[in-house]
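Structure first, then comments.
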Amino acid sequence: MLSVIVPAYNEEKCIKRAYSAIHSVLTENNIDSEFIFVDDGSSDHTYEEICELSSKEENISGIRFSRNFGKESAISAGLAAVSGSCAVVIDCDLQHPPEKIVEMYRLWEKGYEIVEGIKRERGQEKKTYRVGAKIFYYVISRMAGFDMANSSDFKLLDRKVVDVLNRMPEKGFFRAISYWVGYNKTTVEYDVAERVDGQSKWTSRGLIKYALSNISSYSTAPMQTVTVLGFVMLIISVIFGIWALIDKIIGRALEGMTTVIIITIFIGSIIMISLGIIGYYIARIYEEIKGRPKYIISSSVKSVREK
Ligand code: UDP
Ligand code: MG
């Protein structure tokens, strides 16, 4: 059986549409399925929609969070509830084409343990968003050591992989962690469709926060740059030190006030930036060490009728 995980945040209009679109594609292709809708603390009627659906249809479970914990947490909760032998994560807004699930499922049947959805076209996105996404993926790909451009959360995972992810205590980054675990992988290309209803739930501020936290969780390169900067500063200071000494010997020592000011400001800012970077990692350690749960479930439903 295939478990379909659908994170949903304020998607009241999309729930039923997503269900019928995905479910009909799967039944046409004789793929047995269960649906796990995770309501990520929506403020609209998303959860009521899920409850209604689960009372009418078979094999649907709904999980409701006590507040908005973010898509990553919603995916985690979905993965923890999987009972099928493989699971697929798909957006509620139908931007991930449901037909592709069939293709992914066939590849899984052939023995692939992770089938990755790769965006061919980024769909209708704002220009600033597109540029932002490009830079973000370039940086994170370089830092984390694997290519992440065009990757998405649209993935099909074997039960084994799901179990491994469920055992990971860290608040990871679903997209990257599935690269990190290894296993036998393949990819499926898809075109990003337009959102069927509502708006993207991302704000620019949210995206930047997301980018920073993901870079820091997959790479310690920023901290290493601090060391590199330290060495660069050392070399510069040796050069200036020699210069100052020569000035002193020749008797020109009073000149060069501008240089002093520039160097002081420069070193000051490098130290501040470095402290900031280190502080960021300490904050991450603090977050993880508190060991707070990734999400809190306030209620859940399950279809009465099970197949
Ligand atoms: N989502 C979520 N929690 C959030 C934000 C989004 O569960 O805090 C869900 C959302 O309901 C949708 C999916 O994640 O099913 C992708 O969100 P969205 O379409 O807003 O993102 P985009 O497609 O612009 O990347
Ligand atoms: Mg979307």
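FYI, it's all coordinate maths here, none of it is from the lab. Here the structure is a predicted model, which is why all the values come from computation and not from measurement. Because the Cβ atoms are built from the backbone with ideal geometry, glycine has one as well, and the counts that use them run over all protein chains shown.
As a footprinting exposure proxy, order Glu116, Glu189 by other Cβ within 10 Å, with the fewest listed first.
Glu189, Glu116
Wrap a convex hull around the Cα atoms of the chain, take a quarter of its surface area, and give that in square nanometres.
19.2 nm²
Only bridges with both residues in the chain count here: give the DSSP antiparallel percent, nearest 5.
The answer is about 35 percent antiparallel.
Taking the beta-carbon count within 10 Å as an exposure proxy, list Asp158, Asp32 from fewest neighbours to most.
Asp32, Asp158
What residues qualify as long-range amide H neighbours of Glu34, i.e. H under 5 Å apart, gap of 5 or more or another chain, H built at 1.01 Å from N?
Result for Glu34 returns Leu2, Ser3, Val4.
Quickly work out the Ile297-to-Ile261 label distance, labels modelled 7 Å from Cα along the C-beta direction, and quote it in nm with one decimal.
6.4 nm
For the chain, what are the DSSP H helices with axial Cα length of 15 Å or more and mean Kyte-Doolittle hydropathy of at least 1.6?
Correct list, ordered by number: 221-250.
What aspartates and glutamates does Lys13 reach when the alpha-carbon gap must be under 16 Å and sequence neighbours fewer than 8 apart in one chain are set aside?
Within reach: Asp39, Asp40, Asp44, Glu48, Glu49, Glu52, Asp91, Asp93, Glu194, Asp197.
Which ³J(HN,Hα) values, rounded to whole Hz and listed in residue order, are derived for the stretch 93-98 from phi using the Karplus coefficients 6.51, -1.76 and 1.60 in 6.51 cos²θ - 1.76 cosθ + 1.60 with θ = phi - 60°, glycine and proline given as x?
In residue order, the calculated couplings are 7, 6, 6, 9, x, x Hz.
Sum up the charges of everything whose Cβ sits under 10 Å from the Cβ of Lys100, counting Lys and Arg as +1 and Asp and Glu as -1, but leave Lys100 out.
Counting the neighbours of Lys100, the net charge comes to -4.
Place the peptides 214-224, 61-71, 33-43 in order of packing, highest mean first, counting for every residue the other Cβ atoms within 10 Å and averaging per peptide.
33-43, 61-71, 214-224
Projected area of the stretch 14-169, taken from the Cα convex hull and averaged over every viewing direction, in nm²?
Taking a quarter of the hull surface, the average projection is 10.5 nm².
Beyond 28 Å between alpha-carbons counts as too far, so tell me which of Lys209/Lys302; Lys171/Lys302; Lys119/Lys160; Lys127/Lys209 fall in that bin.
Violating the 28 Å limit, Cα to Cα: Lys209/Lys302.
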